[in-house]
Amino acid sequence: MSSANPLVPQKATVLDITAETPDIKTLRVSGKDGLPFDFKPGQCAMISVPPVGEAIFSITSSPTCRDCLEFSIKEVGSVSSALHALNPGQQIGIRGPYGNGFPVEQMRGKDLLFIGGGIGLAPLRSLIGYCFANRVEYGHIDIVYGARSPADLIRKSEIREDWPAQPDTSVYLTVDAEFPDWSGHVGFVPSYVSELAFTPEGKVAITCGPPIMIKFVLKALDELRFSPDQVITTLEMRMKCGVGKCGRCNIGPVYVCKDGPVFTLAELNELPAEY
Ligand SMILES: Cc1cc2nc3c(=O)[nH]c(=O)nc-3n(C[C@H](O)[C@H](O)[C@H](O)COP(=O)(O)OP(=O)(O)OC[C@H]3O[C@@H](n4cnc5c(N)ncnc54)[C@H](O)[C@@H]3O)c2cc1C
Ligand code: FES
């Protein structure tokens, strides 16, 4: 295992690339000796594609998976397009891990309610994999996941087959509108959360997705009487350095890259509403 300087990119090799949706691909990458670094669920890495540039992405694999790192990347601009254009065997730069990660110790013994939308499943999947690998330490697991259409759901075989087959686990999928190839739930993620009427006792809710989804999920959880310290979310600010130096990502005194991106709602309620 490398204990490399997190500020210096290391070379990593793309092992394989899977097209998840029309605009999201998952890359499996490996350093020279396996994992380029240790990490916690919810942490991120800066990935560079010379000479295009670098961008930050959540590590979507679980730290319990020791042979590679996985990233699910939505094509939105220059770096993500360059990553989509790679082929297995090509090299990228990678530095990290960055951010605080999810408080896995504080979640021990609790029931977990995961609420994800679209590419927002990426950081949640790392924690979900970690909890499955340490199953006895966590209570019942509920996963609510949605996307615009069936084609936009990522990790299709995991969400439809592997995760529902896990012990004491319930998976609820939804898409925004009716589609001919979809017989499951139709509706936005926040209203599905309300409809499912989860009770807050003994639970922690962890949510990640587009800002508009998070806004209404937080409202739904409040109406279901989850307290702000039972709700955990991740923020997606623009970032450059990833280490609290450039001032690109701060909200008041807090640097999202260093102090986050994972925050409880109780912590966010203490910050200026600049995010
Ligand atoms: C903590 C964190 C974790 C992330 N995890 C993932 C992930 O797992 N998968 C993933 O696909 N993306 C993730 N992102 C978003 C990702 O970093 C950006 O999409 C990426 O920087 C885009 O780089 P680019 O060069 O392709 O796009 P650019 O060419 O830089 O930009 C393309 C367009 O996207 C906009 N944009 C770029 N970055 C952001 C941003 N952070 N917020 C809002 N708009 C932005 C630009 O304004 C522009 O309109 C994460 C971001 C953060 C901060
Ligand atoms: S990204 Fe530079 S301070 Fe956070």
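Sorted largest first, the principal axis extents computed over the alpha-carbon atoms of segment 121-275 equal 47, 35, 31 Å.
For the chain, the fraction of C-alpha pairs farther apart than 23 angstrom is 52 percent. Solvent-accessible area of Thr199, all protein chains in place: 80 Å² (probe radius 1.4 Å, heavy atoms, ligands and nucleic acids excluded).
The heavy atoms of Asp168 present about 90 square angstrom of accessible area, all protein chains included, probe 1.4 Å. 3J(HN,Hα) along segment 29-42, derived from phi through the Karplus expression 6.51 cos²θ - 1.76 cosθ + 1.60 where θ = phi - 60°, amounts to 10, 9, x, 4, 10, x, 4, x, 6, 6, 7, 10, x, x Hz, with x in place of Gly and Pro. The overall shape of segment 187-275 is prolate: from the C-alpha gyration tensor, with semi-axes ordered a ≥ b ≥ c, the ratio a/c is 1.5 or greater and a/b exceeds b/c.
With just the Cα atoms defining each centre, how far is segment 220-270 from segment 95-163? Give it in Å. When both Cα centres are located, 18 Å separates them. When Lys203, Lys11 are compared by accessible area at a 1.4 angstrom probe, the order from most to least is Lys11, Lys203.
Set against the 2.2 N^0.38 Å expectation for a compact globular protein, segment 23-78 has a Cα radius of gyration ratio of 1.13.
Rounded to the nearest whole Hz, the Karplus-based 3J(HN,Hα) values (6.51 cos²θ - 1.76 cosθ + 1.60, θ = phi - 60°) of segment 85-98 follow the sequence 8, 6, 10, x, x, 7, 9, 10, x, 9, 9, x, x, 10, with x at glycine and proline.
For the set Cys65, Cys241, the ranking by accessible area, highest first and with no ligand, DNA or RNA atoms included, is Cys65, Cys241 under a 1.4 Å probe.
Shape of segment 155-214 from its Cα gyration tensor (a ≥ b ≥ c, root eigenvalues): rounded if a/c is under 1.5, otherwise prolate when a/b > b/c, or oblate? Taking the square roots of the gyration eigenvalues as a ≥ b ≥ c, segment 155-214 is oblate. Among residues other than Lys156 with Cβ under 14 Å from its Cβ, the summed charge is -2 (Lys and Arg +1, Asp and Glu -1).
Where only DSSP H runs of four or more residues are counted, the chain gives -5000 deg cm²/dmol as its mean residue ellipticity at 222 nm, each run worth -39500 (n - 2.57). Whole-Hz Karplus values for segment 252-261 come out as x, x, 9, 9, 5, 5, 10, 7, x, x Hz, taken residue by residue from phi with 6.51 cos²θ - 1.76 cosθ + 1.60 and θ = phi - 60°; glycine and proline positions read x. Share of segment 120-275's accessible area from carbon and sulfur, percent, 1.4 Å? Its accessible area is 52 percent carbon and sulfur atoms.
Computed over all pairs of different Cα atoms, the Kirkwood value for the hydrodynamic radius of segment 111-152 is 11.0 Å. Heavy-atom accessible area for Tyr172, with the other protein chains in place and a 1.4 Å probe, reaches approximately 60 Å². At a probe radius of 1.4 angstrom, the accessible area of the chain per residue rounds to 45 square angstrom.
Assuming charge only on the beta carbon of Lys and Arg (+1) and of Asp and Glu (-1), the dipole of the chain about its Cα centre is about 860 debye to the nearest 20. A Cα-only calculation for segment 78-175 places Rg and Dmax at 15.7, 43 Å.
Under the shape rule built on the C-alpha gyration tensor, where the axes satisfy a ≥ b ≥ c, segment 53-114 is prolate, since a/c reaches at least 1.5 and a/b is greater than b/c.
The values are calculated or read from the model by the stated rules, or taken from the named source; none is laboratory data. All figures in this text were calculated on a predicted structure; none of them were measured in a lab. Please note: Cβ atoms are built from the backbone with ideal geometry, for glycine as well, and neighbour counts cover all protein chains shown. Just so you know, the surface numbers come from the protein's heavy atoms only, side chains and all, with ligands and any DNA or RNA stripped out. Shrake-Rupley method; radii C 1.70, N 1.55, O 1.52, S 1.80 Å.
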